Amino acid sequence: MFPGVLRFAQWRYLWASGVLTLFAAGLYTTQGGTHPPRGDTWQGYTLGTVAALMMLWLALLGIRKRRYASALGSVQGWTSAHIYLGVAVIPIATLHCGAHFHWNVHTLAYSLMCAVVISGLFGLLVYLSYPRQLSVNREGGSRSALFAELLDLDRRGRDLAQRCDPGTAIAVKSGIERTTIGGGVLAQLLAIDRSEYNPGGDTSSTNSDQQAVIDLVAARLPRAGRSAEAADLQNLLLLVCRRQAVLRRIRRDIQMQGWLRIWLYGHVPLTFAALVGLIVHILTTFLYW
Amino acid sequence: MSTQGPDLKYRLAIIGAGPAGLSAAARAALLDRKSGRSTPGHVLLEGFSQHAKTIQYYQRGKHVMAEPGFLDLRSDLRFDAGSRERILQNWQEDYRHAGINLRLNAEVKSVSGRCGDFVMQLADAQTLRAEKVVLAVGTAGNPVKLGVPGEECSAVQYQLDDPKAYANETIIVVGAGDAAVENALALSEQNDVIIVNQKGEFSRPKEANLTAVVAAIADPTTRLDCFYNTRVREIAENPRQSPPLSVLFDTPEGRKSVACHRVIARLGSTPARGFVESMGITFPNSRKDAVPELNEQYESNVAGIYIVGSLAGYPLIKQAMNQGYDVAEFIYGNTTLKPVDHQLLEWQFSGITFFPTPDQALGRCKARVPMFRELNALGFRELVIESAISVAYPRGPEYADEKRKIDALIDRQMQEGRKPRATRIVHEGEVLYEPGEFGTSFFTIVNGSVKLESNDGSTPSRELSAGNFFGEMSLLSGRPRTERAVAGAGCVLVETPRRTMVKLMNSNEEVRRSIDEMFMIRELQRCFAPSATVPELQRFTARVGVRECKAGDIVFTEGEAGESLFIVRSGGITLTRKVDSRALMVAEVGAGGLIGELAVMGDPIRHETARASRACELLEVKRREFLELVRRPGAPLDPLRQGVSRRFTDMAKMQIRPQAASMLGFLMGAGLGEATDVLVIDESLCVGCDNCEKACAETHGGVSRLDRKAGSTFAHVHIPVACRHCEQPHCMKDCPPNAIRRSPSGEVYIDDSCIGCRACEKNCPYDAIQMVHQPPTKPSLLTWLQAIVGRAGGEVSNSASGEVQADRAKAIKCDACIGVKHGPACVKACPTGAAIRIGPERYIELIEAPRE
């Protein structure tokens, strides 16, 4: 029912790019003569042209994706072809240059192309693994539902903390107020938690993963004076633990969604760089022949 | 003739100064003048302090449409689409100019007497006499007042136009129904609101409102509070104070006074029906939307009392104004006046040479169809105007001639800027519809014959003659057509849209009964006795029961003994079995399906619990009738037995796999039981790129019709908020201009005639309809770059951005990219294949798919 992007149309584009690569390898082996195989034989030019056209076509996905009324295949089909042909462009380009690498613009173009493909493979990995993990992490809810739950826990936490001793109350309430979620790009991608709380006095102490506040409430529990206080503290402990669980989910959600998006910020600029490299490579080849 | 003296006797009294009443009075005033009278022979009585109360109550600046577009206006008052203010202003100028004898604040309490001498008792104890009475009171009724001192203070209101118009006030909302709850919730966004409930809990509002109001009251952060078991005792106004009102309550703890800026009482309204019935006017049944019986001149069963406007079943302003004009003409003695829709009928019958005039055509249609004979003249006329007329000619010169004539007529109409209206010319043998098509119309044969045949030969083909009807199955159950209909020799058909037919069935018991009976006969034929004839089956119909169930009602319970089976006529039934004390869903049976058949075929003990998953209608066939039916010679039992075996195997498979049963339960809970085409997203593939929404927006005027993030999820299957193209679309139910349509391939869409009334938005249980203003055109790349403001692909700003829009918000919804060859944009644009659209036949794949 949901074949996924790799299995699209019974692996159609895996077969297509496999055949194309084999054809390229065959063509490569036909290069004879005294020189080792290189880009300046007719086979080399053919392979180079194929690789260059493939790179251009691969970049066109960005345009096709935005042609929403287009009847030219489905975006899924294009993406499937993009993945397989994108991987195939590395062996074909390598066959084109005969694995001759030097410190020059040609190798630079080649490296940029490889960087694009590698960033794409990274993206593929993220696309294949994170959606399922995201879905599991959200347990059928949505991020806004998680935030709603957090707000509810915050409110109840404050009410409950109010009934406890001043030290616990200040710690829990400050812990709620100084909880941080998200932040900069790195903080989101690495799920860095800079939450703090007030352990007493006018100080601030780290409360990463809410553990410090949990420990504080737990430590207070055996010292409870009245049975009502013990009951409140138990409820509070349960609540701060639930906050920890919800916060972990939210951070994980932000983190994975971040990775799902961020890789394109590498892949797309690298694509433009590789296309520029390709143009420079072609121009220099013909100008300085 | 009429005299006017101390006893104030008029020739004509018009009750209600809405569009119909004003128009009637304007005409009467002109006719009075023409006849050279020095004093008015008419009076227009209005209980409210202004004219056109309903429109006065529209919110400020509201755009009022002039539907139906095909009908011309015939009135001495101006009316065209425009703002509420302009329309009211025009009417005020016009009625003053016309010299209408208007009496405001003159609420009529009762009408007694008889034609020639009616006596009207006004609320201020005055009496008026008139020879004839026109009722133009509408159906909105009058709001119930608080009934306490101070109820008429200016800051005490009985309706709320725009909750956003008030900020930082203390507002008391009285009432516990939907209107009160909705007002209170909306107002509490920027005001302190106290909702006053006479009872100890909220029980009347709809589920969603109930949950919302209870949660809001419980939440200390909201600005909504509630006084339970409380009544308003007195309201005092002191304009020099702030806030100006002081409200005294009787609470369980004693009297309590609260200062506030405003009191909004939403206590319901007294329906007009009671008032109408008190004059002796009868309604055909007790349904809420029933319309009194009227003759062609709008006269009711009480001679001398005429009814026009929405009370007569014509809710649109233009229709009401036309009727007002006509009724005044009729009463003043113009017997030759043709209604303004006469021309429309002429066009509709233009292709039928053997019906010379529309009136003759109407008469012949009525005479030939037994069901139509039950309709009153006005109702039948309306039915025909809303229907399409088809005529079949044999292929040849006559067909070609007629076709040419009609094409020319349509060209002429298009040039005049009219919507084409003409007879539909078909050739004999032409297919009217195919099996599998979603039909939304009902056909009546006025002349000639029509052949019905099934694709698979399960029922023998049959020829229907004049007077018969077909297409009732799709009408009643919302299922696609099961047969092919072919135009026969000389056939003339009236094709009535579903909405008109439903309205008719609700107001006419005879029509309902005959359609019901034919439906039953054809269902029995389809399920048990394909070769039986109609007369043979007719004797069973009285013995087959019809059972109506509300959502959640139990039809039968597992373990009990039963002796009947049920055919699901409309709606759906969920079958569950108890496994380890848990109710496991094993099947969902939709319209056309059978349940409980084993009880009549051997085992009398029910092995499932059957519960209505939504409102549904069932036909109950008892064992005795069943056996009689299947024991007829030539009745094949084998297909029936095979069907039972298949269904029980499916249920057994479901029962042994709780995970699959849970998935089925989830899908049905998400409304897929009534869906025909639903967007499903595999969350384990969805990367959240929102390309589906962008594609939808890009291909549909800038606004996405689906909300990917919203909706429900189970085991990675996500059902986003998007139209499910329901079997019997909820949105279609009360659309005044009939703007929501279903294409033969099943897509439910909204056409240009939407008037933005929001009925569909409220009726859709899946929140799939949004109201939006025409979005601004998307800038080209160049202008976008120049301005450096704007948005990326997809959505452009709409009303939500707060821009002031002159036009009126219209309803939009998913149209499943109707007519686009390569399929829906949302699915086509998904890069990972996570989004698909499926119909019920593929649910099994979702259920069977192995999942973690």
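The values are calculated or read from the model by the stated rules, or taken from the named source; none is laboratory data. In this text, all values refer to a predicted model and were calculated from it rather than measured experimentally. A quick note on method: Cβ atoms are made from the backbone with ideal geometry, for glycine too, and the neighbour counts reach across all protein chains shown.
Got a sec? Which of B:Arg647, B:Arg708 is touching a His at 6+ places or on another chain (Cβ under 9 Å) and among the charged types (D, E, K, R)?
Answer to the check: B:Arg708.
I'm trying to understand the selection: among the residues of the range A:135-169, which are under 19 Å from A:Ala231 (Cα atoms) and without any contact (Cβ under 8 Å) to a residue 24 or more places away in the chain?
A:Arg155, A:Arg158, A:Asp159, A:Gln162, A:Pro166, A:Ala169
Say we look at the range A:17-65 and pick out the residues that are small (Gly, Ala, Ser), surrounded by fewer than 16 Cβ atoms within 10 Å (Cβ to Cβ) and in a helix (DSSP H, G or I); which of these is nearest to the chain's Cα centre (by Cα)?
A:Gly62
Scan the range B:456-496 for residues that are part of a loop (DSSP other than H, G, I, E, B) and small (Gly, Ala, Ser) and jot them down.
Within the range B:456-496, B:Gly457, B:Ser458, B:Ser461, B:Ala466, B:Gly467, B:Gly471, B:Gly478, B:Gly488, B:Ala489, B:Gly490 qualify.
So which of A:Val116, A:Val105 is of a type outside the set (D, E, K, R) and surrounded by 22 or more Cβ atoms within 10 Å (Cβ to Cβ)?
Only one candidate qualifies: A:Val116.
What strands (runs of 3 or more DSSP E), lying completely within the range B:607-682, carry at least 2 residues that are farther than 30 Å from B:Ala829 by Cα and outside the structural domain of B:His718 (by TED's automatic domain parsing)?
By residue number, B:609-612, B:616-622.
Please indicate, with yes or no, whether at least one residue in the range B:119-137 is modelled with pLDDT under 90, outside the structural domain of B:Asp250 (by TED's automatic domain parsing) and either touching a helix residue (DSSP H, G or I) at 6+ places or on another chain (Cβ under 6 Å) or basic (Lys, Arg) (or both).
yes
Counting just the residues of the range A:1-23 that are touching a helix residue (DSSP H, G or I) at 6+ places or on another chain (Cβ under 6 Å) and facing chain B (nearest Cβ under 10 Å), which one comes out farthest from A:Val126 (Cα to Cα)?
A:Met1
Hey, could you check the range A:129-140 for residues that are buried (at least 16 other Cβ atoms within 10 Å of the Cβ) and over 18 Å from A:Leu189 (Cβ atoms) and say which is farthest from the other protein chains (Cβ to nearest Cβ)?
Going through the qualifying residues, I end up with A:Arg138.
Please pick out the residue among B:Gln297, B:Gln323 that is surrounded by fewer than 19 Cβ atoms within 10 Å (Cβ to Cβ) and touching a residue at least 24 places away in the same chain (Cβ under 8 Å).
The conditions single out B:Gln297.
Give A:Asp159, A:Asp154 a once-over and let me know the one that is crowded, with 16+ Cβ neighbours inside 10 Å, within 14 Å of chain B (Cβ to nearest Cβ) and either out of contact with any Ser or Thr (no Cβ under 8 Å at 6 or more places or on another chain) or assigned to a helix (DSSP H, G or I) (or both).
Residue meeting the stated conditions: A:Asp154.
Just one of B:Pro636, B:Pro604 is farther than 19 Å from B:Gly562 by Cα and surrounded by fewer than 16 Cβ atoms within 10 Å (Cβ to Cβ); which is it?
B:Pro636 is the lone residue from the list that is farther than 19 Å from B:Gly562 by Cα and surrounded by fewer than 16 Cβ atoms within 10 Å (Cβ to Cβ).
Got a sec? Which of B:Ile217, B:Ile195 is assigned by TED's automatic domain parsing to the domain that holds B:Leu248 and either in a strand (DSSP E or B) or closer than 19 Å to B:Arg262 by Cβ (or both)?
Only one candidate qualifies: B:Ile195.
If a residue must be of a type in the set (D, E, K, R) and under 15 Å from B:Ile352 (Cα atoms), how many such residues does the range B:396-432 contain?
Counting residues in the range B:396-432 that are of a type in the set (D, E, K, R) and under 15 Å from B:Ile352 (Cα atoms) gives 10.
The conditions are (1) more than 20 Å from B:Gly478 (Cα to Cα); (2) surrounded by fewer than 21 Cβ atoms within 10 Å (Cβ to Cβ), and B:Lys694 fails exactly one of them. Which is it?
(2)
How do the pairs read when you match residues in the range B:198-224 that are closer than 12 Å to B:Glu182 by Cα with residues anywhere that are part of a loop (DSSP other than H, G, I, E, B) and modelled with pLDDT under 75, using Cβ under 9 Å and keeping only pairs 6 or more apart or on different chains?
The qualifying pairs are B:Leu210/B:Ser203; B:Leu210/B:Arg204; B:Ala212/B:Pro205; B:Val213/B:Pro205.
Of all the residues that make up the range A:196-213, how many are buried (at least 19 other Cβ atoms within 10 Å of the Cβ) and either among the polar types (S, T, N, Q) or in a helix (DSSP H, G or I) (or both)?
4
Just the residues that are closer than 18 Å to B:Lys338 by Cβ, modelled with pLDDT of 85 or more and not aliphatic (A, V, I, L, M), please, taken from the range B:296-325.
Once the filter is applied, which keeps residues that are closer than 18 Å to B:Lys338 by Cβ, modelled with pLDDT of 85 or more and not aliphatic (A, V, I, L, M), the range B:296-325 yields B:Gln297, B:Tyr298, B:Glu299, B:Tyr306, B:Lys318, B:Gln319, B:Asn322, B:Gln323, B:Gly324, B:Tyr325.
If you take the residues of the range B:697-715 that are basic (Lys, Arg) and crowded, with 19+ Cβ neighbours inside 10 Å, which of them is farthest from the other protein chains (Cβ to nearest Cβ)?
B:Arg705
Within the range B:593-626, how many residues are within 30 Å of the chain's Cα centre (by Cα) and without any contact (Cβ under 8 Å) to a residue 24 or more places away in the chain?
0
Which one is farthest from B:Gly701 (Cα to Cα), of the residues in the range B:806-852 that are away from every other protein chain (no Cβ under 12 Å), in a loop (DSSP other than H, G, I, E, B) and modelled with pLDDT of 90 or more?
So the residue we want is B:Gly839.
Examine the range A:183-195 for a residue that is surrounded by fewer than 16 Cβ atoms within 10 Å (Cβ to Cβ), touching a residue at least 12 places away in the same chain (Cβ under 8 Å) and among the basic types (Lys, Arg), and state whether such a residue exists.
yes
Just to be sure, is A:His102 in a helix (DSSP H, G or I) and either of a type in the set (Ser, Thr, Tyr) or away from chain B (no Cβ under 14 Å) (or both)?
Judged against the criteria, A:His102 is not a match.
Select from the range A:66-78 the residues that are within 7 Å of chain B (Cβ to nearest Cβ) and buried (at least 17 other Cβ atoms within 10 Å of the Cβ) and list them in ascending order.
Passing the criteria: A:Arg66, A:Tyr68, A:Ser74, A:Val75, A:Gln76.
Tell me, please, whether a residue that is among the β-branched types (Val, Ile, Thr), under 22 Å from B:Leu135 (Cα atoms) and either assigned to a helix (DSSP H, G or I) or in the same structural domain as B:Asn468 (by TED's automatic domain parsing) (or both) can be found in the range B:282-296.
no
Identify all residues within the range B:713-733 that are closer than 16 Å to B:Ala834 by Cβ and not β-branched (Val, Ile, Thr); write none if there are none.
Across the range B:713-733, the qualifying residues are B:Phe714, B:Ala715, B:His716, B:His718, B:Pro720, B:Ala722.
Only one residue in B:Ala66, B:Ala20 is touching a residue at least 24 places away in the same chain (Cβ under 8 Å), in a loop (DSSP other than H, G, I, E, B), within 21 Å of B:Gly313 (Cα to Cα) and of a type outside the set (Asp, Glu). Which one?
B:Ala66
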